[in-house]
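Participant: Quick one: the structure is below, and I'll ask about it shortly.
The values are calculated or read from the model by the stated rules, or taken from the named source; none is laboratory data. As the structure is a computational prediction, the values presented were derived from the model and not from experiment. Here Cβ is always computed from backbone atoms with ideal geometry, including for glycine, and neighbour counts include all displayed protein chains.
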Amino acid sequence: MRTVAMTLVMTANLALAAEPSLLEKSKAIFKPISKQFDSKDNPVTKEKVELGRILYFEKRMSKSQTLSCNSCHVLAKYGVDGEPTSPGHKAQRGDRNSPTVFNAGAHFVQFWDGRAATLEEQAKGPVLNPVEMAMPAADIVEKTIKSIPGYAPLFKKAFPADKEPITYDNIARAIGAFERTLSTPSRFDKFLGGDEKALTDAEKKGLETYLATGCTACHMGEAIGGAMYQKLGLVKPVPGLKDEGRSKISKSETDKFFFKVPSLRNVEKTAPYLHDGSKKTLEETISFMGEYQLGKTLKKDEVDSIATFLKTLTGDLPKDTSEPKPLPAGKDTPKPDLN
């Protein structure tokens, strides 16, 4: 009998040993965030980043000269403005929430509908969008930047091989290079690196709940999202959903109501949520996703536990997120156009 009992105990211990640890499970699903998001088509250089940061805050790239990239993607507020949808030219609003710019370089495409493949392509869109920054044409943007004397030497340093460095493409490349440095490592990255004390017991329980609930079907990888499209209302139609998402771009019925899965990094700081900013709290959004994406009615303690884990994804912002001093205008710099 003793031999049988010992055998059973040994078998149980072997089974426990074979069960992957929480850290091992996590390392198989997630990946620590990169320090910067490199691109072979637009190598990150110190000169591009310096220029891109100034351009990111440049309000004269908008028709009214009151809006910049930072107006909707506020670096000091984790890359968002806290609005369901952002006010643009003449206070017009689009129909989608402005997502955070932090860690966007880890995403497989840009915008909710994936209409831009890269950060550089994305940077061109809002400047010429009549609802957003409303500049009439790319050559007008170039003319405006050329009229500000301080930009010429910065573009020459950033793009030394170009005969004419100040182009709309190079403006986008500089902004893209800057955005590729906007990484926010968090305590969860320390955990993934092997520091199991980086998370509390409650946070580890939240991670276990997150894994068991099935959230990793969409929110995984380096950005914990941002790696695929998914249908909103996957298992249960969302009442009143009108935005057809990806299908507006692809013109395919099969893409109807599909959106890029957002990253959950810094999600604690990036409310409101969803493509339309319709969910105000993290807990409300977790419950919603459980019901409509997974077909599960999550209990309050499960929702709270998942939220506890998600707060470990709040990362460290760059040391300086403040607006740089604007470069002085030239004698030919256009005046604001409020029409």
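Participant: Taking the range 182-217, which residues are in contact with a helix residue (DSSP H, G or I) (Cβ under 6 Å, 6 or more places away or on another chain), part of a loop (DSSP other than H, G, I, E, B) and surrounded by fewer than 17 Cβ atoms within 10 Å (Cβ to Cβ)?
Facilitator: Of everything in the range 182-217, just one residue is in contact with a helix residue (DSSP H, G or I) (Cβ under 6 Å, 6 or more places away or on another chain), part of a loop (DSSP other than H, G, I, E, B) and surrounded by fewer than 17 Cβ atoms within 10 Å (Cβ to Cβ), namely Gly214.
Participant: Determine, yes or no, whether Lys25 is modelled with pLDDT of 95 or more and assigned to a helix (DSSP H, G or I).
Facilitator: Here the answer is yes, as Lys25 does meet what is asked.
Participant: Please go through the range 151-209 and pick out each residue that is polar (S, T, N, Q) and either at pLDDT below 95 or closer than 22 Å to Ser263 by Cβ (or both).
Facilitator: Listed by number, the residues that qualify are Thr181, Ser183, Thr184, Ser186, Thr209.
Participant: Give the residues of the range 242-251 that are in contact with a strand residue (DSSP E or B) (Cβ under 9 Å, 6 or more places away or on another chain) and either more than 13 Å from Asn97 (Cα to Cα) or surrounded by fewer than 22 Cβ atoms within 10 Å (Cβ to Cβ) (or both), sorted by residue number.
Facilitator: Listed by number, the residues that qualify are Asp243, Glu244, Arg246, Ser247, Ser250.
Residues are listed down the side, and each one gets a yes or a no for (1) in a helix (DSSP H, G or I); (2) under 23 Å from Asn266 (Cβ atoms):
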{"position": "Ser39", "(1), (2)": "no, yes"}
{"position": "Asn42", "(1), (2)": "no, no"}
{"position": "Ile54", "(1), (2)": "yes, no"}
{"position": "Val101", "(1), (2)": "no, yes"}
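Participant: Please pick out the residue among Pro262, Pro272, Pro336, Pro326 that is in contact (Cβ under 8 Å) with a residue 40 or more places away in the chain, in contact with a helix residue (DSSP H, G or I) (Cβ under 8 Å, 6 or more places away or on another chain) and not hydroxyl-bearing (Ser, Thr, Tyr).
Facilitator: Going through Pro262, Pro272, Pro336, Pro326 in turn, the sole match is Pro326.
Participant: Name the residues in the range 234-277 that are farther than 25 Å from Ile29 by Cβ and polar (S, T, N, Q), would you?
Facilitator: Ser247, Ser250, Ser252, Thr254
Participant: Those residues that are under 30 Å from Asp255 (Cα atoms), of a type in the set (D, E, K, R) and under 20 Å from the mean Cα position of the chain (by Cα), I need them from the range 186-241; list them, please.
Facilitator: If the condition is that a residue be under 30 Å from Asp255 (Cα atoms), of a type in the set (D, E, K, R) and under 20 Å from the mean Cα position of the chain (by Cα), then Glu222, Lys231 are the ones that fit.
Participant: Another question, then. Looking only at the range 329-338, count every residue that is over 32 Å from the mean Cα position of the chain (by Cα) and surrounded by fewer than 12 Cβ atoms within 10 Å (Cβ to Cβ) and tell me the total.
Facilitator: Adding up the residues that qualify gives 3.
Participant: Which helices (runs of 4 or more DSSP H) does the range 114-172 wholly contain that include 2 or more residues that are in contact (Cβ under 8 Å) with a residue 12 or more places away in the chain and under 30 Å from Met228 (Cα atoms)?
Facilitator: Where helices (runs of 4 or more DSSP H) fall fully within the range 114-172 and carry at least 2 residues being in contact (Cβ under 8 Å) with a residue 12 or more places away in the chain and under 30 Å from Met228 (Cα atoms), they are 119-128.
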